[in-house]
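Read through the structure below, which is laid out as structure tokens, and then see the notes.
Quick note: the coordinates plus some simple rules give every number you see, no bench work behind them. Please read these numbers as outputs of a predicted model, since none were measured by experiment. Cβ atoms come from the backbone with ideal geometry, glycine included; neighbour counts cover every protein chain shown.
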Amino acid sequence: TQLLEQSPQFLSIQEGENLTVYCNSSSVFSSLQWYRQEPGEGPVLLVTVVTGGEVKKLKRLTFQFGDARKDSSLHITAAQPGDTGLYLCAGAGRNSGTYKYIFGTGTRLKVLA
Amino acid sequence: GAGVSQSPSNKVTEKGKDVELRCDPISGHTALYWYRQSLGQGLEFLIYFQGNSAPDKSGLPSDRFSAERTGGSVSTLTIQRTQQEDSAVYLCASSSIAGAFFGQGTRLTVV
């Protein structure tokens, strides 16, 4: 069974601080996605990384896929209260010619003004 | 449709009643997932449909829960004899190689 573990589970920081969220697995994924979920909403796709070692930036967010495509990190620079939410990673694995997504346990981030 | 659509958005039901939750996936997506999210928690996998293959039901918490997907498109999640611990947000997602895309969820409250 493929599992994705995220750490930390909870994070409360002050506005302006930097943070990193980790997503780890013993399985290799074809691609990995990061999502953010705000209260009362469904998770929204932020980014997809496909190549081992790939780095993508989305404003103050930097996403990296591990060289072996088993892990990923999300780094937020100068966090703002608007970054508050649940961050989820999901790995896509090949399953009989199709892709099946496995979701991580989530990191709940709270940024205090 | 343009996105994943779930209905109803909110459902309040009495303990012991049956409920049906509906999911309309993105057109052309062959994979469909149901997840449950309790207040302040992450996603709990319930069931996965892929094309015409037998669904992966390994996440269904009890035999009161069932789901079907008709014609490879719309899916319904049915909870029989609801209990208070079934109260949660039920999220549906469909996926392609570009990613998994979620609906807004159905908030179920069992009173």
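Relative contact order for chain B: what percent, with Cα pairs under 8 Å and sequence separation of 6 or more?
38
Looking only at B:T70, B:T82, B:T30, which one moves most when chain B is put into a Gaussian network model with springs between Cα atoms under 10 Å?
B:T70
With each pseudo-label sitting 7 Å past Cα toward Cβ, what's the B:A2-A:E15 distance in nm, one decimal?
3.2
Using r as the Cβ-Cβ distance of B:T13 and A:V44, and R0 as 35 Å, what FRET efficiency do you calculate, to the nearest 0.05?
Given R0 = 35 Å and the Cβ-Cβ separation, E is 0.80.
Whole-Å semi-axes of the protein assembly as shown's equivalent ellipsoid, largest first, each the root of 5 times a Cα gyration tensor eigenvalue?
Over the Cα atoms of the protein assembly as shown, the ellipsoid semi-axes are 29, 22, 14 Å.
Which whole-number value in Å³ per residue fits the convex hull of the alpha carbons of chain A?
Given the Cα convex hull of chain A, per-residue volume reads 93 Å³.
Mean separation of Cα pairs under 8 Å and 6+ residues apart, divided by the residue count of the stretch A:43-99: what relative contact order is that in percent?
With pairs under 8 Å counted, the relative contact order is 22 percent.
Over all residues in B:33-40, what is the mean tally of Cβ atoms on other chains that come within 10 Å of each residue's Cβ?
Per residue, the number of nearby Cβ atoms from other chains is 2 on average.
Which whole number gives the average, over all residues in B:48-57, of C-beta atoms from other chains lying within 10 Å of the residue C-beta?
2
What do you get for chymotrypsin sites (Phe, Trp or Tyr not before Pro) in the stretch A:42-106 restricted to DSSP loop and a cutoff of at most 10 other Cβ within 10 Å of the site's Cβ?
none
Between the stretch A:2-40 and the stretch B:24-46, what is the C-alpha centre distance in whole Å?
Their Cα centres are 18 Å away from one another.
Once chain B is represented by equal point scatterers at the alpha-carbon sites, with solvent omitted, what log10 I(q)/I(0) does the Debye formula produce at q = 0.23 Å⁻¹?
-1.33
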